[in-house]
Amino acid sequence: MSQAPLILTLELDEAAFAEFDGQRRRHFPPALNKIPAHVTLFHHLPGEEERGIVETLAAEVRAEGPMPVKVASLRFIGRGVAYALEAPRLSQLRGRLAATFDSWLTPQDRQGYRPHVTVQNKVAPDEARALHRELEAAFVPREITGTGLLLWRYLGGPWEARGRFPFGGA
């Protein structure tokens, strides 16, 4: 089994994913955009522990139903733009998983959790500011739905899908 790290993300409802991924394809530098739009829960879990991680995720999602996620605001991130999300149930789920995975967490995954979707990154600050202004002018907070968890293997740029864990076991 590969030792490459694993990444855990939130699966979004189809319409929200399509919107965010379309924006990412339009605004992210094409040569750097190797992955779809996503909401990361953990950036680096040990690849050699995949079996145990899969078992933990399968058990955790059984008791969860689809969860509301508020697209709360836009965030200028210096060289890009992200949508800031508010999702108390997601934060609680991530907290339980962080406690389970505690000994494996990297410093990045130990930081406070601020869910977001990055639609632009690694561009000149002026380009990022312009997109932030453009998106901000039309922005209306709204609710989308988290439908499950997705597990990925990091392949040095692109990601390989390793598992889908729908909430409620659907």
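The values are calculated or read from the model by the stated rules, or taken from the named source; none is laboratory data. Not measured: the values here are computed from a predicted model. Backbone-built Cβ (ideal geometry, glycine too); neighbour counts: all protein chains shown. The accessibility values were calculated without ligands, DNA or RNA, using every heavy atom of the protein model including side chains. Shrake-Rupley method; radii C 1.70, N 1.55, O 1.52, S 1.80 Å.
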Legend entry - residue 148 long-range amide H proximity, modeled H, under 5 Å: 11, 167
Inset, instruction - Along Cα→Cβ, 7 Å out, is where each label goes; now give me the distance between the ones at residue 31 and residue 136 in nm to one decimal. - result: 3.0
Inset, instruction - In whole Hz, with x marking every Gly and Pro, tabulate ³J(HN,Hα) for segment 96-101 from phi via Karplus 6.51 cos²θ - 1.76 cosθ + 1.60, θ = phi - 60°. - result: 5, 5, 4, 5, 5, 8
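How much area per residue is accessible in the chain when the probe is 1.4 Å and only protein heavy atoms are counted (Å²)?
Details: 8610 Å² over 170 residues.
Here the residues of the chain average 51 Å² of exposed surface.
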Inset, instruction - May I ask you to give the percent of accessible area on segment 6-166 that is carbon plus sulfur, with a probe radius of 1.4 Å? - result: 52
Inset, instruction - Ignoring everything but the protein chains, give the 1.4 Å probe accessible area of residue 123 in square angstrom, nearest 10. - result: 10
Inset, instruction - Could you pull out every residue, at least 5 positions away or on a different chain, whose amide H is within less than 5 Å of the one on residue 120? Hs are placed 1.01 Å off N in the peptide plane, and Pro or chain starts have none. - result: 81
Inset, instruction - Evaluate the relative contact order of segment 6-166 (contact order divided by residue number), counting alpha-carbon pairs under 8 angstrom at least 6 apart; express in whole percent. - result: 37
Inset, instruction - Mind ranking 109, 13 by accessible surface for me, highest first, 1.4 Å probe? - result: 13, 109
Legend entry - J(HN,Hα) series, segment 60-74, from Karplus relation 6.51 cos²θ - 1.76 cosθ + 1.60, nearest Hz, glycine and proline x: 5, 6, 4, 8, 9, x, x, 10, x, 10, 8, 7, 8, 6, 9
Legend entry - Gain upon complete extension [residue 155, residue 106; 0.36 nm per residue less C-alpha separation]: 15.9 nm
